[in-house]
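The values are calculated or read from the model by the stated rules, or taken from the named source; none is laboratory data. Keep in mind that what you see is a predicted model, and the values were worked out from it rather than measured. Using ideal geometry, Cβ is built from the backbone for each residue, glycine included, and neighbour counts are taken over all protein chains shown. Ligands, DNA and RNA are excluded from the accessible area calculation, which covers all protein heavy atoms including side chains. Shrake-Rupley method; radii C 1.70, N 1.55, O 1.52, S 1.80 Å.
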Amino acid sequence: MQEFTTRYPKNCLLTVMDRYSAVVQNMEQVVMFPSLLRDMQPSAHGCEAQAGAPSLYNYFTMLKAIRVDVEHGLLPQKEGQVKMAGGGANAAENEAAETEEGEEVLGQLDLQAQFHLHFSSLHHILTHLTMKAQEVTRTYQEITGQAI
């Protein structure tokens with residue numbers, strides 16, 4: 001497994017991002033045949049998988065795509081809007097209503113509280129995704145008999 005070498009404080013977002021990138025890169029190196037993960041469901045700490053949960057293959061592809069965004073940034077605003085377009089007139093109306101509600105909420109919170117909310121949410125999501133990448137890697141190793 002590749003270890004990240006840059007040292008940041010333990011709870012620094014950069015540490016979490018580096019750890020995520022390293023774990024997903026390790027997952028990509030270990031999983032040589034992603035198609036083996038197609039019908040495999042993630043296990044919930046020894047419990048049976050939830051009905052309708054995405055397969056480990058879906059997690060594999062999602063985690064790789066997110067890693068690209070983490071390392072290289074998001075698509076420019078216009079490209080993202082073009083991809084998201086096509087929802088019809090109802091989407092525009094819903095978007096306008098959500099924007100008005102969002103502006104009211106933003107006006108009520110101060111910027112520091114907003115930053116803390118988004119920062120802690122991103123930290124939590126990246127930590128959760130890191131654990132999913134480790135699970136995909138571990139399950140693939142078990143399938144192929146490479147388990148350590």
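List of remarks:
- For segment 41-57, the candidate set comprises residues that are of a type outside the set (S, T, N, Q) and at pLDDT 85 or above; within that set, the residue that is least open to solvent (accessible area, probe 1.4 Å) is LEU56.
- Scanning segment 58-88 for residues that are at pLDDT 50 or above, open to solvent by 70 Å² or more (accessible area, probe 1.4 Å) and not in a helix (DSSP H, G or I) yields LEU74, LEU75, PRO76.
- All positions within segment 15-36 that are small (Gly, Ala, Ser) and surrounded by fewer than 17 Cβ atoms within 10 Å (Cβ to Cβ): SER35
- Residues (in a loop (DSSP other than H, G, I, E, B), in contact with a helix residue (DSSP H, G or I) (Cβ under 7 Å, 6 or more places away or on another chain) and modelled with pLDDT of 90 or more) located in segment 1-37: VAL31
- Contacts under 9 angstrom Cβ, first residue in segment 133-147 being over 10 Å from VAL30 (Cβ atoms) and without any contact (Cβ under 8 Å) to a residue 12 or more places away in the chain, partner polar (S, T, N, Q) and surrounded by 13 or more Cβ atoms within 10 Å (Cβ to Cβ), 6 or more apart: ALA147/GLN141
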